[in-house]
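Q: Quick one: this structure, given as structure tokens, is what I'll be asking you about.
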Amino acid sequence: MTEKREYTDDYPEKTLYLPGPTEVREDVIEAMAEPMFGHRMDRMTDLYTTIVEDTREFLDTDQNVIVLTASGTEFWEATTLNLVEDRMLVPTSGSFSERQANVAERLGKAVDRIEYDWGKAVKPEDVREALEASDEGYDAVGMVMNETSTGVRNPVEEVGDLLGEYPDTYFVVDAISCLGGDYVVPEEHNIDALFTSSQKAFAMPPGLAITTVSEDAYERELAKDSASWYGGFQRCLDYYDRKGQTHSTPAIPLMLAYRKQMKHMLDEGHKARDQRHREMAEYTREWAREHFGLYAEEGYRSQTVTAVQNTQGIDVAATIEDVSEGYDLVFSNGYGSIGEETFRIGHMGEHTVESVKELTDAIEDVAGL
């Protein structure tokens, strides 16, 4: 049984280069300290309509937007319950795509997988082959855009484009570790639900889940006999249309932080933010090539998290600890079975090439590179 470990106020500040949570601006943290107000007051309508409409503007989308108090995991469940009657196709190429398939199975859906080795990317031609080979067809294709465990960026745009030929199959995209740092517009690629979490490339505190919802996806849920209660598209969007609020009590301080950070994101712009993340990714890859290697398949590498192949055989856990203790910078070990074979650098949110270089210099010093 886990024993209590008392939380204290005596912890050193660390700069985070994790695949999430990531660094949060000071004024965004301060925004959470406003006096409390009621979630059915007009002030809440002002707050929630602001963050919803600002998010739509930032993402350059005409789709509906839902912001819920939840982990992004909520929209794995909700999109499955809302859109999948019987069968779902899920390409798996790492831990989180495997988990997406597992969630759907746990919800009683029949799931067909297209399985790839970790580090490899989903190929659109394989998705087409699976769709054409299925006699029953699929209610939805679920895909992870940015596989956090491996640093692979999957070609969701190409898969979405081919799904335009299958209008009865909905396209659900988990963009949790990249949206806000990797440009994609859902309606341009037949994406019916594109979801993320606040603590990743949005650079906000954890605790909010965000999704876009196409009109087709909304209508699909209406036609089903059952759907998600908390994350139901109809329940969330109809309440927003009527009241401009969430249907259940939200985490108001987190939404205050969201409002502040989204204004910063609008000031920078979606495409400019994408470019900054692209530059950070290019720097990190060049550094990894010089000193180590890259785990993800060439041509399919993430803009927000790099999985570095540990070709030097360094003690990853010890290096992480020494960089944290000596420099107050925190990066991540590899995920699961590739924990010592790789390590991961999150270059997302408010980081810059200069701040990422501070981390790579520290790793070089500690590892004696």
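Q: Could you rank Asp54, Asp9, Asp27 by how accessible they are, 1.4 Å probe, largest area first?
A: Asp9, Asp27, Asp54
Q: Can you give the FRET efficiency to the nearest 0.05 for Asp328 and Ala133, using r as the Cβ-Cβ distance and R₀ = 51 Å? Don't skip to the answer; put the middle values down first.
A: Numbers: r = 53 Å, r/R0 = 1.04.
Between Asp328 and Ala133 the formula returns 0.45.
Q: In the chain, which helices (entire DSSP H runs) extend 20 Å or more along their own long axis, judged by Cα positions, while averaging at least 0.0 on the Kyte-Doolittle scale?
A: On the way: long enough: 42-58 (24 Å, -0.79); 252-268 (24 Å, -0.32); 270-291 (32 Å, -2.39); 353-367 (21 Å, 0.11).
Qualifying helices: 353-367.
Q: To continue, here is another question. For the chain, please report how many Lys pairs fall under 22 Å Cα to Cα, leaving out neighbours fewer than 8 apart on the same chain.
A: Lysine pairs, 8 or more places apart or on different chains, close enough: 9.
Q: Within segment 309-340, what residues put their amide N at less than 15 Å from the label point 7 Å along the Cα-to-Cβ vector of Asp361?
A: 327-329
Q: Using a 1.4 Å probe on the protein chains only, how many percent of the accessible area of the chain belongs to carbon and sulfur? The partial results should precede the final answer.
A: Numbers: 6920 of 15790 Å².
Looking at the chain in its full context, I get 44 percent from C and S.
Q: With the dipole of segment 26-267 worked out from charges on the C-beta (+1 for Lys and Arg, -1 for Asp and Glu) around the Cα centre, which of His39, Pro155, Leu68 lies farthest toward the positive end?
A: In segment 26-267, that residue is His39.
Q: How much length is gained on full extension from Glu286 to Leu369, taking 0.36 nm per residue of separation minus their Cα-Cα distance? Don't jump to the answer; show the numbers that get you there.
A: Working: separation 83, 0.36 × 83 = 29.88 nm, distance 1.47 nm.
So the extension gain works out to 28.4 nm.
Q: Any idea of the accessible area per residue across the chain, 1.4 Å probe, to the nearest Å²? Mind showing how you got there, number by number?
A: Details: 15790 Å² over 369 residues.
Averaged over the residues of the chain, the accessible area is 43 Å².
Q: Working out 0.36 nm times the residue gap between Ser248 and Glu157, then minus their Cα-Cα distance, what length gain in nm do you get to one decimal?
A: Details: separation 91, 0.36 × 91 = 32.76 nm, distance 3.36 nm.
Result for the pair: 29.4 nm of gain on full extension.
Q: Pairs of alpha-carbon atoms within less than 8 angstrom and 6+ residues apart define the contacts here; what relative contact order does the chain have, in percent?
A: Numbers: 735 pairs, mean separation 89.3, N = 369.
Over the chain, the number comes to 24 percent.
Q: Using the Cα centre as the reference, give the magnitude of the dipole from point charges on the C-beta atoms of segment 3-128 (Lys, Arg: +1; Asp, Glu: -1; all else neutral), rounded to the nearest 20 debye. Provide the component values of the computation, followed by the final result.
A: Numbers: 15 positive and 28 negative charges, 129 e Å.
With only Lys, Arg, Asp and Glu charged at Cβ, the dipole is about 620 debye.
Q: With labels modelled as points extended 7 Å from the Cα through the Cβ direction, what inter-label distance (nm, one decimal) is found for Asp241 paired with Met1?
A: According to this spin-label approximation, the distance is 5.1 nm.
Q: Considering only C-alpha atoms, what is the centroid distance from segment 44-95 to segment 160-214, in Å?
A: Segment 44-95 and segment 160-214 have Cα centres spaced 7 Å from each other.
Q: Put +1 on the Cβ of every Lys and Arg and -1 on every Asp and Glu Cβ in the chain; which of Gln199, Val172, His270 then has its Cα farthest towards the positive end of the dipole?
A: Result: Gln199.
Q: Then there is this: What does the helix-only formula give at 222 nm for the chain: each DSSP H stretch with n ≥ 4 adding -39500 (n - 2.57), the total divided by the residues, and the result rounded to the nearest 500 deg cm²/dmol? Please report the intermediate quantities before stating the final value.
A: Numbers: 12 runs with 149 residues, N = 369.
So the helix-based figure for the chain works out to -12500 deg cm²/dmol.
Q: Counting only residues 5 or more places away or on other chains, whose amide H sits under 5 Å from the amide H of Thr92 once H atoms are built in the peptide plane?
A: So Thr92 has HN proximity to Ile114, Glu115, Tyr116.
Q: Right, something else. Under 1.5 on a/c is rounded, so check that first for the chain, then, if it is not, pick prolate when a/b is larger than b/c and oblate when it is not; a ≥ b ≥ c are the square roots of the alpha carbon gyration tensor eigenvalues. Let's see the in-between values first.
A: On the way: a/c = 1.80, a/b = 1.18, b/c = 1.53.
Oblate is the answer for the chain, as a/c is 1.5 or above yet b/c matches or exceeds a/b.
Q: With all protein chains present, calculate the accessible area of Lys120 using a 1.4 Å probe and round the result to the nearest 10 Å².
A: Counting only protein heavy atoms, Lys120 exposes about 100 Å² to solvent.
The values are calculated or read from the model by the stated rules, or taken from the named source; none is laboratory data. What you see is a predicted model; the values in this text were computed from it and never measured. Virtual Cβ from ideal backbone geometry, glycine too; neighbours counted across all protein chains shown. Ligands, DNA and RNA are stripped out before the accessible areas are found, and what is left, the full protein with its side chains, is counted by its heavy atoms. Shrake-Rupley method; radii C 1.70, N 1.55, O 1.52, S 1.80 Å.
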